[in-house]
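All of the numbers you see were taken from the coordinates with simple rules; none came from a lab. Bear in mind that the values here come from a model prediction, so they are computed numbers and not experimental data. Neighbour counts run over all protein chains shown; Cβ positions are idealised from the backbone, glycine included.
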Amino acid sequence: MADRMHSADSITELDRRLGIPGIAQIVEGNGGLPKVRITSAAAEGEIYLHGAHVTSWHPSGFGEALFVSSKSRWQDGRAIRGGVPICFPWFGDKAGDPKAPAHGFVRTKSWQLDGISSSRDAVTVCMSTGSDESTKQWRPSDFMLIYRATFGAELRLELELQNAGASTLRFEEALHAYLKVGDVRSVSLRGLDGVKYVDKTDACRVKVQNGDVLIAGETDRVYLNTRSDVEVVDPSLRRRLCVAKDNSLTTVVWNPWEEKAAGMADLGDDEWKQMICVETSNVLGYAVEVAPGQQHRMTSVLTLAGS
Ligand code: BG6
């Protein structure tokens, strides 16, 4: 259930202050959560204030690029299953703290909508969040996170961390994109040939990728020390989805496959076939360190092409 911050009145007021008529509207989304809906000539899209979570990007001339589960939860404190969750300041489980939320605390937090701007070719939505009582129960650090999502012929996602504290901040981060595919069993991922990866399905053994990545079972890998673009070649949807990145040294590739998916309450039957996660990230030994008063910006850019 949406809290009082998200009442219909406050959504209308946000739209009055920050919406751009005919281009960007703040409306009530699933579960009553506020979202920005973009409708421009170049692209349609959606981003929720909950988690600053992009749930749709639909560039003109193509179908939807992102997968969202039909069983996703839409409520404060729970993560949306699909789209682009933001993982910060840890990835996966927090070391030594099994009670801490998986993938950090910002994907389940309500972010502030700071502004929306539009040009001829794209619409940019800017959101932010920072340390507060709720984050300090898990991490004492003082920080600000600024997120800019630009919807156009490409989807550009920029996550900026500002260290507002007095000591160096070390963190992991990921833009955990769920890409929509026709059938994950027939896609191939180009761009990681020869790259070392940690195989989380095989006791975290380090292996070397040989050729394209093909998905033939549960896949949970962290590709290490790679700046490469990854291209998802999808023969059934007859398209190629490219994930390019900047200031990111790891790429996570994840698909739960049948058995694990069956145990996930927020993923519909067989939906694991329609998704592949390709995550622009800095995780494990590639966690980022930022000195007091300094900032770090990681960028992920998605593009679609026919094949
Ligand atoms: C991936 C991780 O990025 O996210 C997986 O590598 C994890 O290990 C998956 O299972 C989904 O995580 P969650 O917390 O959204 O269920």
Expected vector for region 265-278, Karplus 3J(HN,Hα) from phi with 6.51, -1.76, 1.60 and θ = phi - 60°, integer Hz, x for Gly and Pro, equals 5, 9, 10, x, 3, 6, 5, 4, 6, 9, 9, 9, 8, 10
Rounded to 0.05, the calculated FRET efficiency for the beta carbons of ARG16 and GLU289 at R₀ = 35 Å is 0.25
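Helix-derived [θ] at 222 nm for the chain: sum -39500 (n - 2.57) over DSSP H runs of at least 4, divide by residue count, nearest 500?
-1500 deg cm²/dmol
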Descending packing, highest mean Cβ count within 10 Å first, for 77-85, 195-203, 262-270, 215-223 is 77-85, 215-223, 195-203, 262-270
Relative contact order in percent for region 84-188 (Cα pairs under 8 Å, 6+ apart) equals 27
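Compute the relative contact order of the chain as a whole-number percentage, counting only Cα pairs closer than 8 Å that sit 6 or more residues apart in sequence.
Details: 809 pairs, mean separation 50.5, N = 307.
Worked out over the chain, it gives 16 percent.
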Checked region 47-170 with the C-alpha gyration tensor, a ≥ b ≥ c its square-rooted eigenvalues, rounded below a/c of 1.5, otherwise prolate if a/b is larger than b/c and oblate if not; verdict oblate
Charge dipole of the chain built from unit charges on the beta carbon (Lys, Arg +1; Asp, Glu -1), centred at mean Cα; most positive-end Cα among ALA24, ILE47, THR150 is THR150
Restricted to pairs 8 or more residues apart or on different chains, the lysines in region 72-194 with C-alpha atoms under 21 Å apart form a number of pairs equal to 5
Net charge near GLY165 (other residues with Cβ under 12 Å of its Cβ; Lys, Arg +1; Asp, Glu -1) is +2
When the charge dipole of the chain is computed with +1 on Lys and Arg Cβ and -1 on Asp and Glu Cβ about the Cα centre, the Cα farthest towards its positive end, among GLY263, SER117, SER134, belongs to SER117
In debye to the nearest 20, the charge dipole size for region 222-307, taken about the Cα centre with +1 at each Lys and Arg Cβ and -1 at each Asp and Glu Cβ, equals 420
Rounded to whole angstrom, the alpha-carbon centroid of region 145-216 lies from that of region 102-135 at a distance of 19
Taking every C-alpha to C-alpha distance in the chain and binning by 20 Å from 0, the per-bin percentages run 34, 60, 6
Listed by chain and number, the residues whose amide H is under 5 Å from that of THR219, excluding neighbours fewer than 5 places away on the same chain and using placed H, are ASN255, TRP257
Here the relative contact order (percent) of region 192-283, from C-alpha pairs under 8 Å and at least 6 apart, is 25
Packing-ranked peptide list from 124-132, 284-292, 149-157, highest mean Cβ count within 10 angstrom first, is 149-157, 124-132, 284-292
